[in-house]
Amino acid sequence: MSLQEVVSTLLHTFPDPKKNNKLFEIWITRIGGDLNELNVDYVYKNRRVCRKHFVETYLYPKKLCPMAVPSRLLPRDVEDDRRRRPLLIAEPISNMPLLHMDVPSTSQGYNMDTTERPVAAGGRMKSQSRRRYKTMTENEKALLKLSSKLQARVRLLQKQKNATKHEIKIVKQMKKQDEFKTVFAGLSEGAQTFFAMQLSQTGKKLKGRRFTTKEKIFCLALYKRSPKAYRFLSTFCILPKRTTLQNLLRSVPLTTGINEKNIVELRKRVKKLPKRHRICALLFDEMALAPGVTYDRNRDEIIGFNDDGKKKEGVICDHALVFMVRGIIKKFKQPVSYTFCRSSTKTMSLKEQIKEVIGEIQKTGLRVVATVCDQGATNRAAINSLLEDTRTTCIKEDKEWSGGYFQLGNSKIYPIYDPPHLLKGIRNNLLNKDLIFEIDGEKGVAKWSHIEELYTRKPGFDGLRLVPKLTAEHVKPKFIPKMRVKHCAQVFSRTTSVALGFLAECGKLPDECKHTARLLRLFDDLFDSVNGSYHQFVI
């Protein structure tokens, strides 16, 4: 190899042994020689490998593929050539003799006839172009500039196209390498999707990236888990933008009523669950919507009217009713149906929807044991109707009915009202009524006036209060937000109970305040028992 070739050939460093020690050892084994006897850090910092020892699959314009391994012109490949050819040792340039000036010159003189050459035609063409440009109109000049820009753009895009083709070719060839297949096969399905997405989209511009449906679904799962973490991951990894994920969701065909595709997918997942994890509850609730109509281009349909999944009415809706199934032992939840209504769903329609949804859920293999809803008038009427139907059936069949449940098929289903709404109901009744109760055989009377007196006294020391969270919005009836669970739960708390009972014990408050303190303690424990987290239960 000539000196010029040595200087122009790129040299590559060894893989970092601290980050990829396995690949570093492969390089050492392949190259051999005295490298096995040298220090690892010394080899990484001072030794280089010629570019000609790598196949073209691993070569980038000025770098190597991260999975590159030397495989050409290695010591074992050229051992025979070294035996056949004498070893050439390059001497330093400083030891080479300079030109001897005392050697007579052997050059001969020649008489060259010089003749005038014509001026190159290019000069005349440029001058003609300038004259032609001066005679052009403004529109012609603008079109000429636009044409030049477009031609330059075409050349640039052609270069980018060729570069992208080269990268794709390298990636495809790299996937065929045994080393890559070995590493890639050991990854999980999600990791393979993520890694393949990074390889295929590297080097592309932002608007030139194209993601497969599988990659979009994987990224959507990441985004749903934590949007903040997804945004952070997007700063150093190639991921679809938020608008791309939203477009994916819009493409999913969702219609009112029971979603058959969700039921099919739910059935597949349930087959993998043990029986105890299939126990679940059906949740349903209504939420307010802004009245209005919109046009759905995907379905070619106007949305915004009353629709229960079976028939649509010409009345603009302002509420949506959603049914969701949620695990009791295993933590999972899945919406299964939704409908549109005006004000609230009619009692008979809600009753039929409950029966239909529970029937479809039971077909998936899940076991519905309870329903959870708020104390809306329609909800209570539908639940009472289901209870009455079960009672009537038991009477006709001469069976005992203990009450508290309704039966669909062979399953007993217990209706439960949402605990936060029950707590608000207790508070709202206590505002203008006294509550007579009995705990452990001891009767008592709880009054809201006791809590108001505790707030008025504002017990504390040096600016620090015993109940710092109690405000007028918690205690004064005209300031209380009736629909906020937070204000209600902070009154029915252990802190309020202890403060009220302590001041009554010390004589700072009437002795009958102890009864109210005991009631607050009871509801605090009861609320925590039905509103806790999954990991707090041992089953």
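Scan Arg297, Arg278 and give me the residue that is under 29 Å from Pro420 (Cβ atoms) and more than 20 Å from the chain's Cα centre (by Cα). Result: Arg278 is the single residue among Arg297, Arg278 that is under 29 Å from Pro420 (Cβ atoms) and more than 20 Å from the chain's Cα centre (by Cα).
The set of residues in segment 1-18 that are within 22 Å of Val69 (Cα to Cα) and either at pLDDT below 85 or hydrophobic (A, V, I, L, M, F, W, C) (or both) comprises Val6, Ser8, Thr9, Leu10, Leu11, Phe14. The helices (runs of 4 or more DSSP H) found entirely in segment 178-277 that carry 2 or more residues being touching a residue at least 40 places away in the same chain (Cβ under 8 Å) and of a type outside the set (Asp, Glu) are 178-185, 189-201, 260-270. Of the residues screened, Pro291 is not one that is in contact with a strand residue (DSSP E or B) (Cβ under 8 Å, 6 or more places away or on another chain), surrounded by fewer than 17 Cβ atoms within 10 Å (Cβ to Cβ) and assigned to a strand (DSSP E or B). Checking each residue in segment 51-71 for being of a type outside the set (A, V, I, L, M), in contact with a helix residue (DSSP H, G or I) (Cβ under 9 Å, 6 or more places away or on another chain) and farther than 12 Å from Trp27 by Cα picks out Glu56, Thr57, Tyr58, Tyr60, Pro61, Cys65, Pro66.
Filtering segment 13-68 to residues that are in a helix (DSSP H, G or I) and touching a residue at least 40 places away in the same chain (Cβ under 8 Å) leaves Leu23, Ile26, Trp27, Arg30, Ile31, Gly33, Arg51, Lys52, Thr57, Tyr58. Count, please, the residues in segment 445-468 that happen to be surrounded by 12 or more Cβ atoms within 10 Å (Cβ to Cβ), part of a strand (DSSP E or B) and at pLDDT below 90. Matching residues across segment 445-468 total 2. Report whether or not Ala381 is in contact with a strand residue (DSSP E or B) (Cβ under 7 Å, 6 or more places away or on another chain) and of a type in the set (Gly, Ala, Ser). Taking the combined requirement at face value, the residue does not satisfy it.
Every listed requirement among (1) farther than 30 Å from His166 by Cβ; (2) hydrophobic (A, V, I, L, M, F, W, C); (3) modelled with pLDDT of 85 or more is met by Leu35 save one, (3).
Of all residues in segment 472-527, those satisfying the criterion of being more than 15 Å from Leu430 (Cβ to Cβ) and among the aromatic types (Phe, Trp, Tyr) are Phe479, Phe502. Scoring Gly203 on the criteria (1) on the phi > 0 side of the Ramachandran plot; (2) small (Gly, Ala, Ser); (3) loosely packed, with under 11 Cβ neighbours inside 10 Å leaves a single failure, condition (3). Count of segment 387-424 residues, restricted to those that are out of contact with any Cys (no Cβ under 7 Å at 6 or more places or on another chain), hydrophobic (A, V, I, L, M, F, W, C) and assigned to a helix (DSSP H, G or I), is 4. Filtering segment 360-386 to residues that are aliphatic (A, V, I, L, M), under 31 Å from the mean Cα position of the chain (by Cα) and either in a helix (DSSP H, G or I) or surrounded by fewer than 16 Cβ atoms within 10 Å (Cβ to Cβ) (or both) leaves only Ile361. Only one of the numbered conditions (1) within 16 Å of Leu283 (Cβ to Cβ); (2) in contact with a strand residue (DSSP E or B) (Cβ under 7 Å, 6 or more places away or on another chain); (3) not charged (D, E, K, R) is not met by Leu387, and that is (1).
A Cβ distance below 7 Å, combined with a sequence gap of six or more or placement on separate chains, defines the contacts here; from segment 418-432, residues that are over 14 Å from Phe523 (Cα atoms) reach residues that are in a helix (DSSP H, G or I) in the pairs Leu431/Trp448. Within segment 426-435, is even one residue touching a strand residue (DSSP E or B) at 6+ places or on another chain (Cβ under 7 Å) and outside any helix (DSSP H, G or I)? Within segment 426-435, one or more residues are touching a strand residue (DSSP E or B) at 6+ places or on another chain (Cβ under 7 Å) and outside any helix (DSSP H, G or I).
Looking at Thr347, is it within 18 Å of Glu388 (Cα to Cα), without any contact (Cβ under 8 Å) to a residue 60 or more places away in the chain and surrounded by 16 or more Cβ atoms within 10 Å (Cβ to Cβ)? So Thr347 fits the description; yes.
When every residue of segment 318-338 is checked against the conditions, at least one turns out to be closer than 23 Å to Ala381 by Cβ, outside any strand (DSSP E or B) and assigned by TED's automatic domain parsing to the domain that holds Leu386.
The values are calculated or read from the model by the stated rules, or taken from the named source; none is laboratory data. All values derive from a computational prediction rather than experimental measurement. When we count neighbours, we look across all protein chains shown, and the Cβ atoms used for this are built from the backbone with ideal geometry, even at glycine.
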